[in-house]
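Colleague: Pasting a structure below so you can have a look.
Please treat every number below as a calculation from the coordinates, not as lab data. Note that the structure is a prediction, hence the values are computed from the model and not measured.
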Amino acid sequence: MSDSTALPASLVAATFGGAEVTMMLSSMLYGITLLQTYMYFVRYQRDSIYMKSLVCTLWILDTVHTAFVFHVLYFYTMTTWANPSNLLDGVWSNYALLSISVRNHSTHP
């Protein structure tokens, strides 16, 4: 018996395969960011508290962003594997990810 709600393997490979590869590359870049943040705090100890706060805030936002992306990927590929109805509703971390990632590009007259 075949499950009518199961996703075809080609569809899963086309959608989640790209997401997996992108997440691997993103994780490597996060490692570089982590190293740069560490090196900044080691080398520039005399910088102002404003600059240190800015660097720390950006590092925290990058860490939260990476964690949310991992959660979204885990939710769709592990927790709700091959359940197409879950693709219609987003997971909470996906909405949170969008809220911290979207920039306002509007121009003001």
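Colleague: With θ set to phi - 60° and the Karplus curve 6.51 cos²θ - 1.76 cosθ + 1.60, what are the ³J(HN,Hα) couplings of the stretch 73-78 in order, to the nearest whole Hz, using x for Gly and Pro?
Modeller: Running phi through 6.51 cos²θ - 1.76 cosθ + 1.60 with θ = phi - 60° gives 5, 5, 4, 7, 9, 10 Hz.
Colleague: Also, quick follow-up: Mind jotting down the three principal axis lengths of the stretch 9-101 based on Cα atoms? Whole angstrom, largest first.
Modeller: Principal extents (Cα only, largest first): 54, 22, 17 Å.
Colleague: While we're on this one: Please compute the contact order of the stretch 9-101 in relative form: average sequence separation of alpha-carbon pairs under 8 Å and at least six residues apart, divided by the residue count, as a percent. Kindly include the intermediate steps, with their values, before the conclusion.
Modeller: Values: 35 pairs, mean separation 29.0, N = 93.
Across the stretch 9-101, relative contact order equals 31 percent.
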